[in-house]
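Here the structure comes first, spelled out in C-alpha cells, and everything after it is commentary.
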Amino acid sequence: MKKKFFKIIVFISFFVLFSSCISLKLKKELVRVDSKDKILEIINQIQIKCFSSKNPQFFADFTIDGKEKFSLQMEGVWKNNYNTFNSSALGPLGEDYLSFELNGYDINYLSEQHTVYSHQSFEKISSFLSGLGSKGLRNIFCGRLPFQFVSDEDGVFYVQEIQDKNDKKEILNKKDAESLLSNKNLNLQNIVNKSYFSRSTINLLGREVYVNSYISVTKNNNGYGIITNSRFYYGLFAKDSDLELKWVGFVNSDVVVPTSVMFRTAYDVFIIDINEYF
C-alpha cells in the first residue's frame, strides 16, 4: 500500500514538474500581444458585432464531403434574444431534409427525417452544437469562439523568434509551433509573418473546454480577411476531441461578415458556405 502511494506521489510530482517545464518553454516562445497590436481591435469588433443584429439569420450552401457527398441549401434564424435557433436544410427540389429548433441547449427535430447523414461524425458535430446552445452557435458563426477569454492562461499570442544551436535566428518551425498548443492537425502557414495563436475557454454542458486556435490576418484596402483554425481539448490532461473548426470571414470598422464555417472530423468535412448573413 505504501509503495503504491509512493508511486502516485512520484507520478504527481513528475507531472507538476513536467507541466512547469512546458509553461516555461511557452513563456519563452509565445508572447502575449501588447495593447497596441491590431489584432485586439479586430477581436473587439467581432465581440461587439456578434450579438448586435436586429434580425439575426443566415442563408448558406451546406456540403458534406466524406464517404458520401451531397449539398443542401441551409437557412438559420435566431430568435428570442439569440436564445432560440431555428434551422432547415432543403434539397435541390425543395424537399425538407432536416429541420430543427435549438431552444437554449434543448434540440428538437421538426422533420421526420431528422438524420440526413447516418454517420458517427455527424452525430458528434450535432452533439457538439447542441452542447454549445443557441448563443454558442452564434459565437461560431460570427467568429467569436476563439476569443472567449476566461482564465489567466487565455489570450492572444504570437510566436517569437528563437535561437537555434548555432546561435542563428530562426523562426519557430511548423512542428514546434504545433506542439506549443497541441494543435497537431492544423494547417500552419505564414508563421514568419507574425501569425497569431489564441487560447479560449468555453463551457460545454458544465465542462470546461479549451479552444486552441491558429489565426491568419490579411490586410486589404478596407479591412481584414480572417481565417481561424481551432481544435478543442478537455480534461486535466487536455484530451483532444478530434474536432476541428475553421472560420473564414471579413472584418472592418463597420461589419463582420463570415464567408464559411467548416467542421472537420477524422472521417468527414462539413462545409457551410454563407451567402447572406445578418
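The values are calculated or read from the model by the stated rules, or taken from the named source; none is laboratory data. This is a predicted model, so every value here is computed, not measured. Every residue, glycine as well, gets a Cβ built from its backbone with ideal geometry; the counts of neighbours run over all protein chains shown.
(1) hydrophobic (A, V, I, L, M, F, W, C); (2) at pLDDT below 95; (3) touching a strand residue (DSSP E or B) at 6+ places or on another chain (Cβ under 8 Å): which one isn't true of Val211, the others all being true?
Single failed check for Val211: (2).
Given the conditions (1) at pLDDT below 85; (2) at positive phi, and given that Gly104 satisfies all but one, which numbered condition is not satisfied?
With (1) at pLDDT below 85; (2) at positive phi applied to Gly104, the lone miss is (1).
Of the residues in segment 114-133, how many are modelled with pLDDT of 80 or more and either in contact with a Gly (Cβ under 6 Å, 6 or more places away or on another chain) or under 14 Å from Phe62 (Cβ atoms) (or both)? I'd like the intermediate steps shown before the answer.
The first filter runs over segment 114-133 and keeps only residues modelled with pLDDT of 80 or more, leaving 127-133.
Filter again for either in contact with a Gly (Cβ under 6 Å, 6 or more places away or on another chain) or under 14 Å from Phe62 (Cβ atoms) (or both), leaving 129, 133.
Adding up the residues that qualify gives 2.
In segment 68-86, is there at least one residue being closer than 16 Å to Asn139 by Cα, in contact with a Leu (Cβ under 6 Å, 6 or more places away or on another chain) and at pLDDT 95 or above?
yes
Of all residues in segment 208-237, which are among the basic types (Lys, Arg) and surrounded by fewer than 18 Cβ atoms within 10 Å (Cβ to Cβ)?
Lys219
Filter segment 265-278 down to the residues that are part of a strand (DSSP E or B) and among the aromatic types (Phe, Trp, Tyr) and list them by number.
Just the residues of segment 265-278 that are part of a strand (DSSP E or B), to begin with: 269-277.
Phe270, Tyr277, listed by residue number.
Tell me yes or no: at least one residue of segment 64-79 is part of a loop (DSSP other than H, G, I, E, B), within 21 Å of the chain's Cα centre (by Cα) and either among the β-branched types (Val, Ile, Thr) or at positive phi (or both). Before you say what the answer is, go through the steps one by one.
The initial filter retains those residues of segment 64-79 that are part of a loop (DSSP other than H, G, I, E, B), namely 66-68.
Adding the requirement that they be within 21 Å of the chain's Cα centre (by Cα) leaves 66.
Those still in the list that are either among the β-branched types (Val, Ile, Thr) or at positive phi (or both) too: none.
The answer is no, given that none of the residues of segment 64-79 is part of a loop (DSSP other than H, G, I, E, B), within 21 Å of the chain's Cα centre (by Cα) and either among the β-branched types (Val, Ile, Thr) or at positive phi (or both).
Looking only at segment 137-169, filter to residues that are modelled with pLDDT of 95 or more and small (Gly, Ala, Ser); which one of those is farthest from Asn55 (Cα to Cα)?
So the residue we want is Gly155.
Quick one: is Lys49 outside any strand (DSSP E or B) and either modelled with pLDDT under 85 or loosely packed, with under 10 Cβ neighbours inside 10 Å (or both)?
Working: outside any strand (DSSP E or B): yes; either modelled with pLDDT under 85 or loosely packed, with under 10 Cβ neighbours inside 10 Å (or both): no.
Criteria not met by Lys49.
Residue-by-condition table, conditions (1) part of a helix (DSSP H, G or I); (2) at pLDDT below 90; (3) exposed (fewer than 11 other Cβ atoms within 10 Å of the Cβ):
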| position | (1), (2), (3) |
| --- | --- |
| Phe15 | yes, yes, no |
| Phe18 | yes, yes, yes |
| Ile22 | yes, yes, no |
| Lys25 | yes, yes, no |
| Ile39 | yes, no, no |
| Ile42 | yes, no, no |
| Gln45 | yes, no, no |
